[in-house]
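Taking it in order: structure first as structure tokens, then the write-up.
What follows is calculated from the coordinates using simple rules that are stated; it is not laboratory data. Since the model is a prediction, treat every value here as computed from it, not as a measurement. Glycine also receives a Cβ, built like all others from the backbone with ideal geometry; neighbour counts cover every protein chain displayed.
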Amino acid sequence: MADKKNTSYKKALLAARYASEKKGHDIVLMDMRTISSVCDWFVLVSARSTPGIKAVIRAIDEGLSREGVKYLRREGQYEQRWVVLDYGDVVIHAFLPEIRGFYGLETLWKDIPREEYDDKCVKKTSRKRSETSP
């Protein structure tokens, strides 16, 4: 369960909100704290097109920058099929749905706590993504 005072969790939630505002969908926050010494949270988000990925990434970057948070590293910016923003304790992955499905990051760590985000609420779940998708 996420610690509500945890700044990395708040950063992940903000990133999810900014992504959702730009029509990012299928947003999942993965709690990596028990298995990773590299980061606390993954935020996975899909967008329907490469311009959609660009809009989602721009919204996250601009939103977190307003909060005084800058990314450390950015990968995949030219192709716009899978873009990663590394904020140190939070790593954002924005994908086209077919790329997300192919690499299956959620299935690599299927047993860790995760939260599904939409613009109305955050739902905690431990189910695999494949079990929740049609």
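Here are the numbers for the structure shown:
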quantity	calculated
Fewest-first ranking of S46, S36, S8, using other Cβ atoms within 10 Å as the exposure measure	S36, S8, S46
Sparsely packed GluC sites (Glu not before Pro) within segment 33-126, loop by DSSP, other Cβ within 10 Å at most 15	E67, E79
Ranked Y9, Y78, Y18, Y103, criterion: other C-beta atoms within 10 Å, fewest first	Y78, Y103, Y9, Y18
R73-H25 pseudo-label distance in nm [points 7 Å out on the Cα-to-Cβ vector]	3.2 nm
Point-charge dipole on Cβ atoms (K/R +1, D/E -1) for segment 7-110, about Cα centre, debye to 20	220 debye
Potential lengthening between R66 and Y103 on full extension [0.36 nm per residue; Cα-Cα distance subtracted]	10.2 nm
GNM result for the chain, Cα springs below 10 Å: residue of P97, P113, P51 fluctuating most strongly	P51
Viscosity 1.306 mPa s, 10 °C: Kirkwood-radius Stokes-Einstein D of the chain over Cα pairs, µm²/s	109 µm²/s
Theoretical ellipticity at 222 nm over the chain - DSSP helices of four or more residues, -39500 (n - 2.57) apiece, nearest 500	-10000 deg cm²/dmol
Counting DSSP beta bridges with both ends in segment 7-110, the antiparallel % (nearest 5)	70 percent
Residue pairs, from the table K22/K54; K54/K110; K11/K70; K10/K70, whose Cα atoms sit over 19 Å apart	K54/K110
